[in-house]
Amino acid sequence: MVESLKPFYTTLLTPIAKILIKSKIHPNVITLAGVCVSLLAAWHAARGTWFFAALYIGIGSCMDGLDGAVARQTKKSSWGAVFDSTSDRITEIAWLSGLLFFYINASGGRLGTSMTFAAMSGSLMVSYVRARCEGAGIPCSSGMVQRPERILILVACLLAGKKVMAWGLLLLSVLTYATVVQRLIIAYKFCQKSNA
């Protein structure tokens, strides 16, 4: 879905990436800075200042795109790709942990707490299935809600406020687990064809 907009997104980031390359800024430094910004987002999510949480998630996501653009143009080592993927998981855990902390401390936050946990575990499972498939040599990069879609849903819910958030997390939970099933089916069909 959002993945189809990647060429447009990359075109927007290319001029900034060139400035960073000229400044000799390593892509791993950009990745680490993005993690720090994402931790700020998590802190705001925990405090209930959700506009700023959404803002910092947006900035962190742009930095996540920038590190990849700089790495591709400078042909940096594949370790950076592992670091970047690990950082993506850390940032998602951080954002949702911030919301989890908010709901644990909120009165009547039982639904929000449950939905945040379900959304977090679903998001991690989407990434895990892809990583496991790639490790087994099975192409499995498609799916209903990949990272960009998850970010958009989360940011939209943060901006919409507390009345929408629990239901947005419910939607995110359902879609992430549906994506896990979708990827498992893709992997199964690939294996069936390979063994035929």
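The values are calculated or read from the model by the stated rules, or taken from the named source; none is laboratory data. Computed from a predicted model, the values in this text were never measured in an experiment. Glycine gets a Cβ as well: all are built from the backbone with ideal geometry, and neighbour counts include every protein chain shown. To get the accessible areas, we keep the full protein, side chains included, count just its heavy atoms, and leave off ligands, DNA and RNA. Shrake-Rupley method; radii C 1.70, N 1.55, O 1.52, S 1.80 Å.
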* What list of ³J(HN,Hα) couplings, whole Hz, do you get for the range 118-124 from phi and the Karplus terms 6.51, -1.76, 1.60, once you set θ to phi - 60° and write x for glycine and proline? -> 5, 5, 5, 5, x, 4, 5
* Structure fact -> Karplus-derived 3J(HN,Hα) from phi for the range 134-139 (6.51 cos²θ - 1.76 cosθ + 1.60, θ = phi - 60°), whole Hz, x at Gly and Pro, runs 4, x, 8, x, 9, x
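Determine the calculated [θ] at 222 nm for the chain from helices alone, applying -39500 (n - 2.57) to every DSSP H run no shorter than 4 residues and normalising by the residue count; nearest 500 deg cm²/dmol. Intermediate results must be reported in sequence, preceding the final value.
Working: 7 runs with 164 residues, N = 196.
The per-residue figure over the chain is -29500 deg cm²/dmol.
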* First compute the accessible area of the chain with a 1.4 Å probe, then give the percent of it belonging to carbon and sulfur atoms. => 71
* Tell me, how many Å apart are the Cα centres for the range 34-110 and for the range 140-154? -> 15
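Given charges of +1 on the Cβ of Lys and Arg and -1 on the Cβ of Asp and Glu, with all other atoms neutral, how large is the dipole of the chain about its Cα centre, in debye to the nearest 20? Each step should come with its number before you reach the end.
Numbers: 19 positive and 8 negative charges, 41 e Å.
Using only the charged Cβ atoms, the result is roughly 200 debye.
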* Asked: For the range 5-107, which trypsin sites (Lys or Arg not before Pro) are both in a DSSP coil and crowded by at most 16 other Cβ atoms within 10 Å?
  -> Lys24, Lys75, Lys76
* Structure fact -> Expressed in Å to one decimal, the Kirkwood Rh of the chain from all distinct alpha-carbon pairs is 17.6
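How much accessible area per residue does the chain have, counting only protein heavy atoms and a probe of 1.4 Å, in square angstrom?
Working: 10850 Å² over 196 residues.
Result: 55 Å² per residue.
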* To do: For the chain, calculate the relative contact order in percent as a whole number, restricting contacts to Cα pairs under 8 Å that are 6 or more residues apart.
  => 23
* **Partnerless cysteines, meaning none of the other Cys C-beta atoms lie under 4.7 Å away, in the chain** => Cys36, Cys62, Cys157, Cys191
* Structure fact -> Computed from every Cα-Cα pair in the range 70-165, P(r) in 10 Å bins starting at 0 and rounded to whole percents is 13, 39, 30, 14, 4, 0
